[in-house]
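Here is the structure we will look at, set down as structure tokens.
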Amino acid sequence: MRREIITMQRVKKYAELDECGKRRFWELMQEYLPDCDPDQVRDCCEEYGEAYCAVENAEGVVGVIFGWPRRVVVSDDSSFSLDGIAVEEKWHRKGYGRLLIQAMEKAAALYHCDSISVGSAGGYVEEFYIANGFIPRTYKIYKDGAITVAREFQGMEDYRTYQRPAEDGFVVLDKPIGQ
């Protein structure tokens, strides 16, 4: 059965989706990524269309990914920001997320970025990123209305043993392009 699922997967850019697929893209984003700013996502979708992708199977769109070059916000940053990834829960652990990450790597390279960065609030999502080659770099917290670096990780052992001081913190991970 697993081989059948894998052969039926395909990744498409947002612009290549039919109207039903585009509608499902936004539904998945709103359901699984409610903190994303829809206006910013739409604006960047037009400008960075290669980085707005969906994965389909026989049931239609079951996962989405999107992001943009960080230089949009920080002029001297050469990384690519993975702003959102979501796969319907019933399709977890079937290779869909990995396909989406691979599509994002291609887009990041196309936009001349040297790495992909993402913030993660913990749990299985961080493990997913690590399994896909992302490296935990820092732990950041919200303090006095600003984001502050609480820890710079000195490797995987440091990351694994670090006791996070705040529930509202997040780990920044990155992945060099081509690895």
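So the values come out like this:
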item	result
Search result, residues across segment 69-95 that are closer than 15 Å to Val125 by Cα and either in a strand (DSSP E or B) or among the aliphatic types (A, V, I, L, M) (or both)	Leu82, Asp83, Gly84, Ile85, Ala86, Val87
Tyr159 touching a Pro at 6+ places or on another chain (Cβ under 8 Å) and of a type outside the set (Val, Ile, Thr)	yes
Qualifying residue in segment 51-68 (condition: within 17 Å of Val118 (Cβ to Cβ), over 17 Å from the mean Cα position of the chain (by Cα) and not in a strand (DSSP E or B))	no
Segment 102-136, subset over 12 Å from the mean Cα position of the chain (by Cα) and among the hydroxyl-bearing types (Ser, Thr, Tyr), residue nearest to Trp68 (Cα to Cα)	Tyr111
Condition broken by Arg98, with the remaining ones in (1) under 29 Å from Phe25 (Cα atoms); (2) among the basic types (Lys, Arg); (3) exposed (fewer than 12 other Cβ atoms within 10 Å of the Cβ) satisfied	(3)
Yes/no for Lys22 being surrounded by 14 or more Cβ atoms within 10 Å (Cβ to Cβ) and among the basic types (Lys, Arg)	yes
Qualifying residue in segment 84-101 (condition: within 13 Å of the chain's Cα centre (by Cα), basic (Lys, Arg), modelled with pLDDT of 90 or more and not assigned by TED's automatic domain parsing to the domain that holds Gly169)	yes
Unique match (being touching a residue at least 60 places away in the same chain (Cβ under 8 Å) and over 20 Å from Glu31 (Cβ atoms)) among Ser115, Ser78	Ser115
Among residues of segment 133-161, those that are outside any strand (DSSP E or B) and surrounded by 18 or more Cβ atoms within 10 Å (Cβ to Cβ), counted	3
Failed item, numbered, when Lys12 is tested on (1) outside any helix (DSSP H, G or I); (2) out of contact with any strand residue (DSSP E or B) (no Cβ under 7 Å at 6 or more places or on another chain); (3) of a type in the set (Lys, Arg)	(2)
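The values are calculated or read from the model by the stated rules, or taken from the named source; none is laboratory data. This structure is a prediction, so every number in the text was calculated from the model and none was measured. Positions of Cβ are backbone-derived with ideal geometry, glycine not excepted, and every protein chain shown enters the neighbour counts.
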